[in-house]
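Below is one structure, written out as structure tokens, with a few remarks after it.
The values are calculated or read from the model by the stated rules, or taken from the named source; none is laboratory data. Computed from a prediction, not measured in an experiment: that's the story for all the values here. Here the Cβ positions follow ideal geometry from the backbone for every residue, glycine too, while neighbour counts run over all protein chains shown. Ligands, DNA and RNA are excluded from the accessible area calculation, which covers all protein heavy atoms including side chains. Shrake-Rupley method; radii C 1.70, N 1.55, O 1.52, S 1.80 Å.
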Amino acid sequence: MFATLSDRLTATFKNLRGKGRLSEADIDATAREIRIALLEADVALPVVKDFVAAVKERARGEEVSGALNPAQQVVKIVNDELVNILGGETRRLRYAKSGPTVIMLAGLQGAGKTTLAAKLALWLKEQGKTPMLVACDLQRPNAVNQLQVNGERAGVPVYAPEPGNGVGDPVAVAKASIEDAKRKLHDVVIVDTAGRLGVDAEMMAQAAAIRDAVQPDEVLFVVDAMIGQDALTTAQAFLEGVGYDGVVLTKLDGDARGGAALSIRQVTGRPVMFASSGEKLTDFDLFHPDRMASRILD
Ligand code: GDP
């Protein structure tokens with residue numbers, strides 16, 4: 001296991017005596033420890049650099065006094081800055097003023113989109129919404145079936161092309177699904193789209209075409225926290241190729257420290273909105289910046 005930042009800084013400051021401001025040498029030693037802790041948590045290097053510079057600046061101005069020892073004081077600064085960058089308050093879904101709210105999911109294959117679609121649907125249902133799931137991942141042979149199975153588990157209807165209709169046209173399916181949702185008075189439509197194993201121009205073009213057809217209220221980029229540093233490059237590619245309003249981090253039940261959340265937030269400016277943490281449909285929650293800050297630091 002990695003040492004926590006708190007342990008590292010306690011060791012750094014063990015020779016610090018008395019009160020007053022931290023010396024430049026103390027601040028440099030502190031910066032080094034923070035840099036290592038963030039890199040171990042998978043935060044991207046340019047983000048780490050900016051972050052450390054900001055913390056150094058704040059640490060320079062702080063008096064070493066009061067109830068906290070220097071290590072605790074620096075950890076508090078780091079924690080506050082992390083929460084701040086991660087978005088402060090949790091960003092909530094924006095619902096359409098009239099007609100169904102359309103939420104479109106985009107991300108790589110295996111990111112956890114189909115699972116997430118059902119989790120989100122169940123979560124919305126528990127809040128009194130009447131969601132409908134739409135299977136627009138017509139690329140992966142089993143994706144429609146998987147969404148149907150998950151939809152059934154969540155007790156949420158799934159709009160899908162009829163079996164035997166060939167590969168189907170996901171844009172046409174997406175468009176027709178919105179009309180169907182209006183007729184059946186569903187108030188939220190969750191559109192699952194196809195991903196590929198890697199970033200791919202055709203996949204991006206298809207997702208963008210679905211986006212244009214359904215005019216989503218929210219596009220959510222779904223990303224596996226376990227892919228570590230690659231999460232940021234994928235996030236940037238999807239921002240350019242499709243665009244999105246918020247991020248869902250999946251597989252947080254694994255041992256990923258979650259630095260991807262910080263990198264993506266900082267570089268794309270898009271908030272992480274939801275956290276997915278297991279294979280059960282209830283392993284899902286709003287994203288809490290303060291919890292993620294502790295995870296990155298511990
Ligand atoms: P998609 O290709 O993006 O639609 O991804 P899937 O929803 O099919 O998920 C890929 C795999 O990851 C499946 O085996 C899921 O059961 C699993 N999975 C999805 N979300 C999570 C999660 O939060 N935690 C864990 N441990 N597994 C997950």
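Within the chain, what is the longest stretch that has no chymotrypsin sites (Phe, Trp or Tyr not before Pro) placed in a DSSP loop and near at most 16 other beta-carbon atoms within 10 Å? Write out the running numbers ahead of the final one.
On the way: sites that count: Phe2, Tyr95.
Counting at most 16 other Cβ atoms within 10 Å as exposed, the longest clean stretch of the chain is 96-298.
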> Taking the chain as a Gaussian network, Cα atoms linked when under 10 Å apart, which of Arg92, Arg211, Arg265 shows the biggest mean-square fluctuation?
Replying inline: Arg92
> Is region 82-147 best put as rounded, prolate or oblate by its Cα gyration tensor, with a ≥ b ≥ c the root eigenvalues, rounded for a/c under 1.5, and otherwise prolate when a/b is larger than b/c, oblate when not?
Replying inline: oblate
> aspartates and glutamates within cross-link reach of Lys113: Cα-Cα under 13 Å, excluding same-chain residues under 8 positions apart?
Replying inline: Asp137, Asp192, Asp224, Glu279
> Within the chain, what is the longest stretch that has no GluC sites (Glu not before Pro) placed in a DSSP loop and near at most 14 other beta-carbon atoms within 10 Å?
Replying inline: 90-278
> With labels modelled as points extended 7 Å from the Cα through the Cβ direction, what inter-label distance (nm, one decimal) is found for Glu89 paired with Glu24?
Replying inline: 4.2
> Among Pro161, Pro141, Pro170, which one shows the biggest mean-square fluctuation in a GNM of the chain, springs joining Cα atoms closer than 10 Å?
Replying inline: Pro141
> Expressed as a whole percentage, what fraction of the accessible surface of the chain belongs to carbon and sulfur atoms when a 1.4 Å probe is rolled over the protein heavy atoms?
Replying inline: 50
>> Accessible area per residue for region 15-159 in Å², computed with a 1.4 Å probe and the full protein assembly in place, what is it?
In response: 47
> On a 0 to 90 degree scale, rounded to 10, what angle separates helix 201-214 from the longest Cα axis of the chain?
Replying inline: 70
> Using a 1.4 Å probe, how large is the accessible area of Ser98, given in Å² and rounded to the nearest 10?
Replying inline: 100
> Given R₀ = 41 Å, FRET efficiency for Thr130-Gln229 by Cβ-Cβ distance, to 0.05?
Replying inline: 0.55
>> If the reach is capped at under 14 angstrom between alpha carbons, list the aspartates and glutamates near Lys97, excluding any in the same chain fewer than eight residues apart.
In response: Asp187, Asp217, Glu218
> Say each of Leu39 and Val149 gets a label point 7 Å from the Cα, pointing the same way as Cα to Cβ; how far apart are those two points in nm?
Replying inline: 4.2
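Taking 0.36 nm per residue of sequence separation and subtracting the Cα-Cα distance, how much length would be gained by fully extending the chain between Ala205 and Lys280, in nm to one decimal?
Answer, rounded to one decimal: 23.9 nm.
Could you pull out the pairs from Lys56/Lys119; Lys119/Lys182; Lys175/Lys280 whose alpha carbons sit more than 32 Å apart here? Display every interim value, and only then the final one.
Values: Lys56/Lys119 41 Å; Lys119/Lys182 22 Å; Lys175/Lys280 30 Å.
As for pairs spanning more than 32 Å Cα to Cα, those are Lys56/Lys119.
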>> Test of understanding: extend the Cα→C-beta vector of Asp187 to 7 Å, then name every residue of region 215-255 with backbone N under 20 Å from that spot.
In response: 216-219
